[in-house]
Amino acid sequence: MGSKIAITIGFLVVYFGLMVWAAFFSKTGKMENKGSIDEFAVGGRNFGWIIVLFTLMGLFVTASIYASWFTMGVTLGIFVQYLSVYSVFGFVFTYIFAKRIWVWGKEYNFLTQPDYIQKRYNSRPLSCLFGVAAILIEAPWIIIEFAAMGVLMQALTFGAIPYRLGMIIIVVFVMAYIMYSGMKSLAITELLQGALSTVVILAGFIFIIYKLFGGFGPMYQQLYAEFPQNLTVVNGGGYGYWSSVIITASLGVMGWASFFTRIYTSKNILDVKKVSWWSALIAVVVTTLLFICSMGGALIPEVTAGAVDGDTGIFAMAELAGGPWFLGLMGIVVIAAGMSLISVVMNSPSIIISENFIKPFKKKVTSEGRVKAARWTTLIYSLIALAIALCDLPNLYDIAIVAYECIAQVVPMVVLSMYWKRSNKYGAGLGFIIGA
């Protein structure tokens, strides 16, 4: 056991060392103008499509996919692959609507989703409502990710790093580099994390399937013989429920405040289109491989036990397939995915508070003052979310699902506002409130 702990902690040390260099010492991760809110919030709108791709992917490929969703794949089977389907549709919507979002963001210097709402509907109360909603709606998801990171850090180190300590380490580290350089440090860390995750997943899960089951065909044959119900979506609630989850989740992509900010970072509209297509391709391949692998976990008692008792089935499967070295490598991928979502979502509320609550009501505040406000907001927001995550709330997942339903209510007023001139602030506000 001691050698296993040494190996996995060794992987963590190397990974965090790389992230420290990327976030605090690399040229790309540093702000050229430390007083520029534009650079802090959207990286000066000068990111190439590969960086934008991985910052956007951070909203989809998260640590909770490897934890809770992997467990769903073990227990429910193919039902959980709704996430692969909605990822594709979500990025199709990105391709359709992102052009207008980027053009208007560039022309009017938007930094947040409420900036767009304010310009389109010319209503400060409505944009403030959306600002508050964005902060509250995304909060449960970042709290879940905090909790997932604690669980995974404990499992990866075989208990050497306790659940709560692991959570605190991750949160403090991500909070530090966001406060240091905002979107600039976030982008370079996302690029490294995303590239690492994609490569390891593509090779790693194929390796697991062939190592433990002899290939895809033999695995499906065993599932058909022992768990035939796991090969249908009926096991997760039926075709109607499966379809409704896909539709709601696909539309909900457009409602994330963090989504708008990612689009604004791109340097031109052609890059936004590239991001849409490549995101769809990578998302569907990565998630499909992950969930096919999780279905096979139902055939292995150790994986089933790990999945049900603590959402750590993926680590049990990785260790069975490749020993502690492969476990350490897979653990780094999961930690990287969690840090991606945390950094993406943690950055957004601070910019919203700075731009949509402080700037409009404090006319003389400078760009440097807004950067300072964003840094303080990141600190306060992160600590509040961390305090809630440390409480280990049992129904947080249910709260997050309801929050996602509220995200979907944002979509009609955003989409209609792009194409329907008669869309107005009264319809938008009432529609959102009643829908939520």
For the stretch 1-125, whose charge dipole is built from +1 on Lys and Arg Cβ atoms and -1 on Asp and Glu Cβ atoms, the candidate among Val20, Tyr121, Leu111 with its Cα farthest towards the positive end is Tyr121
For Ile5 and Val285, extending 7 Å from Cα along the Cα-Cβ vector and measuring point to point gives, in nm, a value of 3.9 nm
Taking Cα pairs closer than 8 Å and at least 6 residues apart, the relative contact order of the chain in percent is 35 percent
On the formula 1/(1 + (r/R0)^6), with r taken between the Cβ atoms of Ser36 and Ala387 and R0 of 35 Å, the FRET efficiency rounded to 0.05 is 0.65
Log10 I(q)/I(0) at q = 0.07, 0.08 Å⁻¹ for the chain, from Debye over equal alpha-carbon scatterers, is -0.33, -0.43
The answer for the net charge of residues other than Lys34 whose Cβ lies under 13 angstrom from its Cβ, with Lys and Arg +1 and Asp and Glu -1, is +1
Expected unfolding gain across Ile269-Ala436 under the 0.36 nm per residue rule, minus the alpha-carbon gap, is 56.9 nm
Put Trp141, Trp278 in order of accessible area, largest first, probe 1.4 Å, and you get Trp278, Trp141
Going through Lys99/Lys372; Lys106/Lys274; Lys34/Lys274 one by one, the pairs whose alpha carbons sit over 27 Å apart turn out to be Lys99/Lys372; Lys34/Lys274
Filtered hits (aspartates and glutamates, Cα-Cα < 20 Å from Lys211, offset >= 8 within chain) -> Glu226, Glu302, Glu319
Counting only protein heavy atoms with a 1.4 Å probe and every protein chain in place, the carbon and sulfur fraction of the accessible surface of the chain in whole percent equals 68 percent
Using alpha carbon centers only, the stretch 225-265 is separated from the stretch 175-210 by a whole-angstrom value of 23 Å
Quotient of Cα radius of gyration and Kirkwood radius for the stretch 61-131, i.e. Rg/Rh, equals 1.19
Treating only Lys and Arg (+1) and Asp and Glu (-1) as charged, each at its beta carbon, one finds that the stretch 309-436 has a dipole about its Cα centre, in Debye to the nearest 20, of 1300 debye
Given a 1.4 Å probe, the accessible area of the stretch 242-312 per residue, as a whole number of Å², is 32 Å²
The helix 396-419 Cα axis meets the longest alpha-carbon principal axis of the chain at an angle in degrees, between 0 and 90 and rounded to 10, of 40 degrees
Across Leu191, Leu393, Leu327, the residue with the highest GNM fluctuation in the chain (Cα network, 10 Å cutoff) is Leu393
If amide H atoms are modeled at 1.01 Å from N in the peptide plane, then the residues at a separation of 5 or more from Thr312, or on another chain, having amide H under 5 Å from its own are Ala307
Note on the stretch 343-436: contact order normalised by length, alpha-carbon pairs under 8 Å, 6 or more apart, percent, works out to 24 percent
With the 1.4 Å probe rolled over protein heavy atoms, the stretch 1-142 has an accessible area per residue in Å² of 38 Å²
Other residues with Cβ under 11 Å from the Cβ of Tyr95 give, with Lys and Arg +1 and Asp and Glu -1, a net charge of +3
For 57-67, 364-374, ranked highest to lowest by mean beta-carbon neighbours within 10 Å, the order is 57-67, 364-374
Here FRET efficiency (C-beta to C-beta, Ala176 to Lys364, R₀ 25 Å, nearest 0.05) is 0.25
For the chain, longest principal axis from Cα atoms; helix 82-108 axis from its Cα atoms; angle between them, nearest 10 degrees, is 20 degrees
Pseudo-spin-label distance Lys372 to Val13, built 7 Å along Cα→Cβ, given in nm, is 4.0 nm
Largest-first semi-axes in Å of the equivalent ellipsoid built from the Cα gyration tensor of the stretch 274-324 are 27, 11, 9
Over its alpha-carbon atoms, the stretch 64-178 yields an Rg and a Dmax in Å of 19.1, 54
Computed for the chain: size of charge dipole around the Cα centre, +1 on C-beta of each Lys and Arg, -1 on C-beta of each Asp and Glu, debye to nearest 20, value 1980 debye
Computed over the chain: longest principal axis from alpha-carbon atoms vs helix 239-252 long axis, angle to nearest 10 degrees, is 40 degrees
Ordering Val85, Val402 by the accessible surface of their heavy atoms, 1.4 Å probe, largest first, yields Val402, Val85
The size of the Cβ-based charge dipole (Lys, Arg +1; Asp, Glu -1) of the stretch 34-117 about the Cα centre, to the nearest 20 debye, is 120 debye
Projected convex hull area of the stretch 155-270, Cα atoms, direction-averaged, in nm², equals 12.0 nm²
Plugging the Cβ-Cβ distance of Leu165 and Tyr426 into 1/(1 + (r/R0)^6) at R0 = 60 Å yields, to the nearest 0.05, a FRET efficiency of 0.75
Percent relative contact order for the stretch 140-280, counting Cα pairs under 8 Å at least six residues apart, stands at 8 percent
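The values are calculated or read from the model by the stated rules, or taken from the named source; none is laboratory data. Keep in mind that this is a model prediction, so the values were computed, not measured. Using ideal geometry, Cβ is built from the backbone for each residue, glycine included, and neighbour counts are taken over all protein chains shown. Please note that ligands, DNA and RNA were not included when accessible areas were found on the heavy atoms of the full protein model with its side chains. Shrake-Rupley method; radii C 1.70, N 1.55, O 1.52, S 1.80 Å.
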